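The values are calculated or read from the model by the stated rules, or taken from the named source; none is laboratory data. Because the structure is a prediction, the values reported are computed rather than measured. Because the Cβ atoms are built from the backbone with ideal geometry, glycine has one as well, and the counts that use them run over all protein chains shown. The accessibility values were calculated without ligands, DNA or RNA, using every heavy atom of the protein model including side chains. Shrake-Rupley method; radii C 1.70, N 1.55, O 1.52, S 1.80 Å.
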Amino acid sequence: MSWLDETIDELAACDFWPYRPGGTAATEPTAFAALALRAHGRRDAAERATHWLAEHQSADGTLGISATERDPHWPTSLAVLAWCAA
């Protein structure tokens, strides 16, 4: 098994995607995880990530940095890319 396969397996096994180990789930790493997982054929894991993004979307459609930090909204574009890939 290659290092890439091992890394994708680790990423797919996560329940949430933080900036660092032991951190809280955040929009940017979750969107990038969804993109990477989808690109490597891990559809179910990618869908978990895109569902997390959708669940944390504000009423106006934006996403903040995390579920607890609703501002700024710059990660919204990353979520849109993840949703499009899904």
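Details
- Among 28, 47, 55, the largest mean-square fluctuation in a Gaussian network model of the chain (Cα springs under 10 Å) belongs to 55.
- Net charge over other residues, Cβ less than 12 angstrom from the Cβ of residue 65 (K, R count +1; D, E count -1): -2
- FRET efficiency for the residue 67 to residue 47 pair, using the beta carbon distance and R₀ = 25 Å, is estimated at 0.85.
- Taking all protein chains as they are arranged and a probe of 1.4 Å, the heavy atoms of residue 68 leave approximately 120 Å² accessible to solvent.
- Summed residue charge, Cβ within 15 Å of residue 50's Cβ, Lys/Arg positive, Asp/Glu negative: -1
- GNM flexibility winner over the chain from 52, 74, 17 (Cα, springs under 10 Å): 74
- Average accessible surface area per residue within the chain, 1.4 Å rolling probe, Å²: 59 Å²
- Among 53, 63, 11, residue whose mean-square fluctuation peaks in a GNM of the chain (springs only between Cα atoms under 10 Å): 11
- Environment charge of residue 76, counting only residues whose C-beta is closer than 14 Å and scoring Lys/Arg +1, Asp/Glu -1: -3
- Estimated translational D of region 30-86 in µm²/s (Stokes, Kirkwood radius over Cα pairs; 25 °C; 0.890 mPa s): 222 µm²/s
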